[in-house]
1. I'm checking a number: the convex hull volume of the Cα atoms of region 201-255, normalised per residue, in Å³. What is it?
2. Could you state the accessible area per residue of region 1-127 in Å², with a 1.4 Å probe and every protein chain left in place?
3. On C-alpha positions alone, give me the angle between the axis of helix 34-46 and the longest principal axis of the chain, in degrees, nearest 10.
4. Report the antiparallel proportion of the DSSP beta bridges in region 1-146 as a percent, rounded to a multiple of 5.
5. Under 8 Å for C-alpha pairs, at least 6 residues apart: give me the relative contact order for region 10-105, rounded to a whole percent.
6. When you count, for each residue, the other Cβ atoms within 10 Å and take the mean per peptide, how do 102-109, 14-21 rank with the highest first?
7. If you bin every alpha carbon distance in region 97-230 into 5 Å steps from zero, what whole percent lands in each bin?
8. Under a GNM of the chain (C-alpha, springs under 10 Å), which listed residue has the highest mean-square fluctuation: Ala78, Ala282, Ala303?
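The values are calculated or read from the model by the stated rules, or taken from the named source; none is laboratory data. Just so it is clear, the model here is predicted, and its values are computed rather than measured. Neighbour counts are summed over all protein chains in view; Cβ atoms, including those assigned to glycine, are modelled from backbone coordinates with ideal geometry. Heavy atoms of the whole protein, side chains included, go into the accessibility calculation; ligands, DNA and RNA do not. Shrake-Rupley method; radii C 1.70, N 1.55, O 1.52, S 1.80 Å.
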Amino acid sequence: MERRTIGATALGVGAVGLGCMPMNWAYSASQRRGDLSLRTVHAALDAGVNLLDTADMYGPFTNELLLGRVLRQRRADAFVSTKCGLLVGDQHVVANGRPGYVRRACDASLRRLQTDVIDLYQLHRADPEVPIEETWGAMADLVRAGKVRALGLCAVGARTTRRRTLGGGHAGTIRQLERIQQVFPVSAVEAELSVWSPEALERLLPWCAARGVGFLAAMPLGSGFLTGTLTPGVGFEADDPRARHPRFTAEMMAANQALPAGLRRVAARHGAGVTAAQVALAWVLAQGRHVIPIPGTKRESWAVENARAAELVLDAADLAEIAALPVPRGSWD
């Protein structure tokens, strides 16, 4: 697989990563099986994927434990990205950016992952009660201690309702980035980017490109919508967040069918076996050499299909056709 570099230290990663969250967190609990997830991670590594994206809150903790079983055997094949800063309760999630907690969380992640170093350690969410510089300083100390190679900021879910105004929904994220960049270099930013949700193109992606900061594109398949495999009106399980998402109502899914249909048209021009999902990922890859999509899946076949998107190159006509697709309808909030 094509390799891309991120951050000032030129960390090398595969052009397509693997989002591991669905294996143990969110989406449908009835479909989670550890044996299948293990095979999925191994299949992704075999296909050239090396960036494995997780977090201590996924499960909580069980996703890191699962990856630890793989890393125990194949650490040299993997680039490990995990996160700290969010604590999971029975019915709530709260931020914790206290330096002491950050140090303890890192040590716990290292144990669960069965490794002596984390390649990319991300702040999952800033704690409003703690200056972000203090949190980031504690994370920088982990780099100096040899426990972490590089630092990143996760901005998934950081949109605001004013995302389409001047500055977009990532204006607050950029202000945070400017502050922490003064403390220790930011190597990567993780935020949502897809044909379904292109808001990061406005300011966040250019900010990263100008500073050599990698961009990990979360939810590049629109939580499954852009694959064209979801049927409007077919309900999600009660524990699946899409069951409560305004864009996943039967009405909105039907109204937005032009998006996967357009991706399928582009895929058809590239030959048999090319899928709408691969076109969606290739579009993300085309947004810059510093961009790495991290589609999430718990299925082996989809992990391999996603990895092959790195071989698909969209031409100017393809990109123009995708750019002309209708603006997605429906609220995010």
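1. Numbers: hull volume 5.9 nm³, N = 55.
Dividing the Cα hull volume of region 201-255 by its residue count gives 107 Å³.
2. In whole numbers, region 1-127 has 39 Å² accessible per residue.
3. 80
4. On the way: 7 of 16 bridges.
Bridges in region 1-146 are about 45 percent antiparallel.
5. 27
6. Order by mean packing, descending: 14-21, 102-109.
7. Final binned percentages: 2, 10, 19, 20, 18, 14, 10, 5, 2, 0.
8. Ala78
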